[in-house]
1. Modelled with pLDDT of 95 or more, closer than 16 Å to Met334 by Cβ, more than 13 Å from the ligand (Cβ to nearest atom) and not aliphatic (A, V, I, L, M), is that true of Trp93?
2. Give all pairs with beta carbons closer than 8 Å in which a residue from the stretch 238-252 that is under 10 Å from Val66 (Cα atoms) meets a residue that is part of a loop (DSSP other than H, G, I, E, B) and within 14 Å of the ligand (Cβ to nearest atom); count only pairs at least 6 apart in sequence or on separate chains.
3. May I ask you to list the residues in the stretch 26-74 that are among the small types (Gly, Ala, Ser) and either within 13 Å of the ligand (Cβ to nearest atom) or in contact with a Lys or Arg (Cβ under 7 Å, 6 or more places away or on another chain) (or both)?
4. Take the stretch 127-165 and flag every residue that is of a type in the set (A, V, I, L, M), surrounded by fewer than 18 Cβ atoms within 10 Å (Cβ to Cβ) and closer than 20 Å to Leu28 by Cα.
5. What about Leu31, is it more than 18 Å from Ile107 (Cβ to Cβ) and either within 21 Å of the chain's Cα centre (by Cα) or part of a helix (DSSP H, G or I) (or both)?
6. Please pick out the residue among Ser372, Ser396 that is surrounded by fewer than 18 Cβ atoms within 10 Å (Cβ to Cβ), within 25 Å of Gly288 (Cβ to Cβ) and at pLDDT below 95.
7. When both residues are 6+ apart or on different chains and their Cβ atoms are under 8 Å apart, which pairs have a first residue that lies in the stretch 187-210 and is under 10 Å from Phe277 (Cα atoms), and a second that is outside any helix (DSSP H, G or I) and small (Gly, Ala, Ser)?
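The values are calculated or read from the model by the stated rules, or taken from the named source; none is laboratory data. These numbers were taken from a predicted model, which means no experiment stands behind them. Cβ placement follows ideal geometry from the backbone for every residue including glycine, while neighbour counts extend to all protein chains displayed.
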Amino acid sequence: MSQRISIHGQWSSRLMFILAASGSVVGLGNLWKFPYITGENGGGAFVLVYLLCLALVGIPIMMAEVLIGRRGRQSPVFSWQSVAAEAGASSAWKLAGWAGMLAGLIILSYYSVIAGWTLAYLVRMVSGSLMLVTAEGASSIFTQLVLDPERLLAWHTIFMVMTIKVVSRGVTKGLEQAARILMPLLLFMLVVLVAYAWRQGDFAQAYAFMFNSDFSKLTPNALLTALGHAFFTLSVGMGAMMVYGAYLPKGISIAKTSILVGLLDTVVGLLAGLAIFSVVFAHDLPAGDGPGLIFQTLPIAFGQMPGGSFFGTLFFLLLVFAAWTSAIALVEPMVSWWVEKRGIDRIRAAIWTGISAWLLGIVTILSLSSWSFSFSFGGVLKRHGLFDVLDILTSSIILPLGGLAIALFAGWVMSRDAVVEEFEGRAGIGFKLWYFVIRFITPVAVVLVFLRAIGVV
Ligand code: PFF
């Protein structure tokens, strides 16, 4: 297969790919979702299953996804199509690209709303209005925000404009530039916050909560949540890593870079969890409070701690940066597709993608207030109606199925020679191990977890 360069450009170095891919993986998933789902699912045993999902499913799929992207060198839909054609397989594989693009749009729509919450909290932290807030005060501030559609819409709009602005500038001037500036700052802030939580919080209790496993708390639904989160946090299963792979120059090791990015994501998630729970437990606050955890619970703790206003501001700034670089990756598959398909310029493609996701985001905003309804999924009560439906549809259904398609395609449909070629022609022990995992372990694990969640096994 020809190794053309993508028409959208390519990463200027290995480091730039690592920074941009890390920007994509490290996001609200690590800092907001992972802590609250760990809290909801009882801690240790859930974390262990999640780590297994990362090692056996998430990271191997990330390698396969980047590989398909680099071979196809186009937007996910067209990469699927051309790599399937090369393998002599049905063009129906491109449906996985379509499903991924749809998932990306849906995730972006609610991701931007939650990112809007972080912007709102950043402003509150800077203004000092959260200092010495009581539990009732924090809860009413959060509820007032979430139940105020106009305010949510304003923040959602600001965040979407920030994201579209970067993407419209292109791979080098937009995506790379943002990653180059934001990622080092983000990692630095995280280290400062962990050190702060270590000194001021209850690190021992946080550690025990996250690493002492009580398997009786592990429901089938928790397994699916852990698997879904492994996909979400690594940004795999929907084409974001595929399009980042399409911009990866030849000669850069997919295996090494993917493993590095996967490990970084894991370390960031665990550190964020430890830092957040240390602060939460130091003030005897509850861990299982759901999506409000970092918004309702943390401000109470920060409000009472020495230097809390400064470190609270740092925390919400960290969240904004993490959300921003991830949202950029959510937009890219659709923008690249639009440019290829319609031949329109990137700025217009970015604006249209932004408008579509922005409109869909209104569904999330309304489902938090006026359209809210409750329902159960796998025995767990969900409270926000459509918002939860969209989250489950993407994280727990489309991403794992997309990941399954990627594993089957790289493991069974592409020729082994083509796959080895993308591994720089080296089929050593590392390659053999990965190839075995992607062919046998990953697909079986995904299918089993699915069947377990729907009660078949
Ligand atoms: N990995 C991101 C997070 O953990 O917040 C979420 C995400 C970003 C998912 C980009 C998918 C994606 F394409």
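1. On the way: modelled with pLDDT of 95 or more: yes; closer than 16 Å to Met334 by Cβ: no; more than 13 Å from the ligand (Cβ to nearest atom): yes; not aliphatic (A, V, I, L, M): yes.
When the stated conditions are applied, Trp93 does not pass them.
2. Going by the 8 Å Cβ cut-off, the qualifying pairs are Gly239/Ser75; Met241/Leu234; Met241/Ser235; Val243/Ser75; Ala246/Ser75.
3. Looking only at the stretch 26-74, we keep the residues that are among the small types (Gly, Ala, Ser), and these are 27, 29, 39, 42-45, 55, 58, 64, 69, 72.
Gly27, Gly29, Gly42, Ala45, Gly58, Gly69 - these are the residues of the stretch 26-74 that are among the small types (Gly, Ala, Ser) and either within 13 Å of the ligand (Cβ to nearest atom) or in contact with a Lys or Arg (Cβ under 7 Å, 6 or more places away or on another chain) (or both).
4. So the first thing to find is which residues in the stretch 127-165 are of a type in the set (A, V, I, L, M), and the list is 130-133, 135, 138, 141, 145-147, 152-154, 158, 160-162, 164.
With the extra rule that they be surrounded by fewer than 18 Cβ atoms within 10 Å (Cβ to Cβ), the set shrinks to 131-132, 135, 147, 153-154, 158, 161.
Leu153, Ala154, Ile158, Val161, listed by residue number.
5. Values: more than 18 Å from Ile107 (Cβ to Cβ): no; either within 21 Å of the chain's Cα centre (by Cα) or part of a helix (DSSP H, G or I) (or both): yes.
It is false that Leu31 is more than 18 Å from Ile107 (Cβ to Cβ) and either within 21 Å of the chain's Cα centre (by Cα) or part of a helix (DSSP H, G or I) (or both).
6. Values: Ser396 fails: surrounded by fewer than 18 Cβ atoms within 10 Å (Cβ to Cβ).
That would be Ser372, the only listed residue that is surrounded by fewer than 18 Cβ atoms within 10 Å (Cβ to Cβ), within 25 Å of Gly288 (Cβ to Cβ) and at pLDDT below 95.
7. Pairs that qualify, where the first residue is under 10 Å from Phe277 (Cα atoms) and the partner is outside any helix (DSSP H, G or I) and small (Gly, Ala, Ser), are Phe209/Gly43; Phe209/Ala287; Met210/Gly43.
For every residue, the table says whether it meets (1) within 16 Å of the ligand (Cβ to nearest atom); (2) part of a helix (DSSP H, G or I); (3) at pLDDT 95 or above.
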{"site": "Ser278", "(1), (2), (3)": "no, yes, no"}
{"site": "Pro286", "(1), (2), (3)": "no, no, no"}
{"site": "Leu298", "(1), (2), (3)": "no, yes, no"}
{"site": "Leu318", "(1), (2), (3)": "yes, yes, no"}
{"site": "Thr325", "(1), (2), (3)": "yes, yes, yes"}
{"site": "Val335", "(1), (2), (3)": "yes, yes, yes"}
{"site": "Ile344", "(1), (2), (3)": "no, no, no"}
{"site": "Ser356", "(1), (2), (3)": "yes, yes, yes"}
